[in-house]
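A.B. asks: Before I ask anything, let me first share the structure, which is written out below as structure tokens.
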Amino acid sequence: MRLEPAQLQRYRSDGLVHFPGLFDAAEIAALKMEQARILALDLEAHLRAASGEFLGTTAMDRVSPLYARLLRDERLLGLAEQLLGPRLYCHQYKIILKQPFGKLSLPWHQDYGPWLHHDGMPEPKAISIGIYLDEVTEFNGPIVYIPGSHADGLIEYEVIPVPGTTPIPSLPDATVAKLAARGGLVAPKGPPGSVTIFDSCMAHASGQNQSPHPRNLIYLSYNPVSNAIRKPTRPTHFASQDFTPLTPAPRAALLAP
Ligand SMILES: O=C(O)CCC(=O)C(=O)O
């Protein structure tokens with residue numbers, strides 16, 4: 001899959017593009033069923049807050065052939081190769097769980113902040129892709145982005161602790177206020193199967209899920225092999241050290257390997 005010229009222009013200017021309903025109901029049903037199986041495993045890769053709240057899991061490809069195939073799906077890898085060129089590997093792969101009435105919120109940050117700070121990624125060349133496993137609404141903790149913020153590159157940050165995961169280099173309120181005054185705020189919503197692709201310097205955050213509905217999202221980040229991390233400090237389920245380039249597989253291969 002490739003971005004149309006207008007979408008490519010929007011990605012360059014805004015730093016993100018949203019595709020409502022890119023994955024169909026059968027694909028999402030299979031990914032959700034497999035998600036439930038993975039979450040029931042006893043894994044070091046799971047993310048839990050001290051309160052016991054289950055916040056997510058990482059490196060699903062290690063325990064799931066379906067999730068391993070998703071990394072190679074030509075819709076995702078095709079878009080990434082269009083933007084970054086060939087020879088990409090997956091730097092980080094996770095599911096973030098926002099349980100009904102859950103407490104998880106993520107501070108304002110750019111994904112490149114932790115990737116430089118914790119992993120020693122040389123340049124902000126990676127991209128992130130979010131895949132909605134559930135409908136995302138204004139009520140269940142959507143991600144909020146500041147269009148155009150990616151153009152500022154890496155912005156000065158302060159590292160703050162976040163329950164259940166590694167500390168996040170985060171953007172101070174005054175910085176966010178300035179960026180939002182310029183670019184505004186958007187929170188892409190949509191049915192299960194929607195996809196958002198965004199630049200690693202895109203400023204984003206999300207609040208708590210105040211609703212009785214779950215908001216679970218898969219994230220994967222593709223990075224050029226030439227930009228592979230140099231100074232890893234975290235377990236490999238947070239930051240892969242397998243730099244083997246991924247080859248695209250056709251959409252039909254996802255459910256019928
Ligand atoms: O899922 C979310 O609400 C935000 C996740 C996020 O920004 C992250 O894990 O870096």
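A.B. asks: Only one residue in Gly141, Gly130 is within 10 Å of the ligand (Cβ to nearest atom) and within 22 Å of Ala252 (Cα to Cα). Which one?
C.D. replies: Gly130
A.B. asks: Which condition does Ile131 not pass, out of (1) surrounded by 22 or more Cβ atoms within 10 Å (Cβ to Cβ); (2) touching a His at 6+ places or on another chain (Cβ under 6 Å); (3) of a type outside the set (D, E, K, R), if it passes all the others?
C.D. replies: Result: Ile131 passes all but (2).
A.B. asks: Among the residues of the range 35-58, which ones are basic (Lys, Arg) and assigned to a strand (DSSP E or B)?
C.D. replies: Listed by number, the list holds a single entry, Arg48.
A.B. asks: Going through Leu179, Leu255 one at a time, which residue ends up being more than 14 Å from the ligand (Cβ to nearest atom), more than 29 Å from Arg48 (Cα to Cα) and part of a helix (DSSP H, G or I)?
C.D. replies: Leu179
A.B. asks: I've got another one for you. State which residue is nearest to the ligand (Cβ to nearest atom) when the search covers only the range 100-109 and only residues that are surrounded by 19 or more Cβ atoms within 10 Å (Cβ to Cβ) and farther than 13 Å from Ile160 by Cα.
C.D. replies: Taking the candidates together, the pick is Leu104.
A.B. asks: Another one. With more than 16 Å from the ligand (Cβ to nearest atom), under 23 Å from Ala253 (Cβ atoms) and among the small types (Gly, Ala, Ser) as the only criterion, which of Ala50, Ala68 stands out?
C.D. replies: Ala68
A.B. asks: Within the bounds of the range 162-172, is there any residue that is surrounded by 19 or more Cβ atoms within 10 Å (Cβ to Cβ), modelled with pLDDT under 95, near the ligand (Cβ under 10 Å from one of its atoms) and not aliphatic (A, V, I, L, M)?
C.D. replies: Checked the range 162-172: at least one residue is surrounded by 19 or more Cβ atoms within 10 Å (Cβ to Cβ), modelled with pLDDT under 95, near the ligand (Cβ under 10 Å from one of its atoms) and not aliphatic (A, V, I, L, M).
Listed here are the residues, each with its yes/no results for (1) within 13 Å of the ligand (Cβ to nearest atom); (2) more than 13 Å from the chain's Cα centre (by Cα); (3) among the β-branched types (Val, Ile, Thr).
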{"site": "Ala203", "(1), (2), (3)": "yes, no, no"}
{"site": "Asn209", "(1), (2), (3)": "yes, yes, no"}
{"site": "Asn216", "(1), (2), (3)": "yes, no, no"}
{"site": "Tyr219", "(1), (2), (3)": "yes, no, no"}
{"site": "Pro235", "(1), (2), (3)": "no, yes, no"}
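A.B. asks: From Thr196, Thr165, Thr244, which residue is under 30 Å from Ala25 (Cβ atoms) and among the β-branched types (Val, Ile, Thr)?
C.D. replies: So the residue among Thr196, Thr165, Thr244 that is under 30 Å from Ala25 (Cβ atoms) and among the β-branched types (Val, Ile, Thr) is Thr196.
The values are calculated or read from the model by the stated rules, or taken from the named source; none is laboratory data. Keep in mind that this is a model prediction, so the values were computed, not measured. Cβ atoms come from the backbone with ideal geometry, glycine included; neighbour counts cover every protein chain shown.
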